[in-house]
Amino acid sequence: MKGSQAINLDEIIKEPNLTKQFSFSIDPAEIKELTGYITPSSPILLDLSIRFADDIFYVTGNLTGVLELECSRCMEVVVYEINYPIADGYSLKPQKDEDIIVLDKSKLELEEILRESLEFAMPVKILCKESCLGLCINCGSNLNLSTCQCLKDQIDPRLAILKDLLKE
Ligand SMILES: [Zn+2]
Ligand SMILES: [Zn+2]
């Protein structure tokens, strides 16, 4: 299915108080296109339940899948599992509750839900492990895998400052 699809809310208005289930499997290529940088290793699943009551569409569900991200220090692939809960309210009429999203047409765009959920589901910092040593800024070696000669050859500027302090 395409992320550009939408759920027709006219159908849901017809049966108030009834919970309707929707399940979508979104192609990894579609996610890449949508976010520009997130590439899932398998389809992302979007499960939604929608219930219409008192002018409000109550949307709950889950976004699940596995993402292949890049460690921000060493650039290695980081497999990241997402399981993001969705709970939103929509309405076609202005609501007092500011958390209710007002729609201008009776359609729920999956693209919007996907984009927002993915953004919130992403880790704040992408690291292969908390103690990742990253790449050597001089030779580019992955310091988790090997120790390069660069650090041994030159004095760390932080250590140099410490040396000066100790002299005083
Ligand atoms: Zn790393
Ligand atoms: Zn190096």
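A few remarks follow.
- Any chance V102 is touching a Leu at 6+ places or on another chain (Cβ under 8 Å) and on the phi < 0 side of the Ramachandran plot: yes
- Pairs, first not assigned by TED's automatic domain parsing to the domain that holds E70 in segment 12-36, second among the polar types (S, T, N, Q), C-beta under 8 Å, six or more apart: none
- For E33, the criteria (1) charged (D, E, K, R); (2) outside any strand (DSSP E or B); (3) at pLDDT 95 or above hold in every case but one, which is (3).
The values are calculated or read from the model by the stated rules, or taken from the named source; none is laboratory data. Just so it is clear, the structure is predicted and the values come from calculations on it, not from any experiment. Glycine gets a Cβ as well: all are built from the backbone with ideal geometry, and neighbour counts include every protein chain shown.
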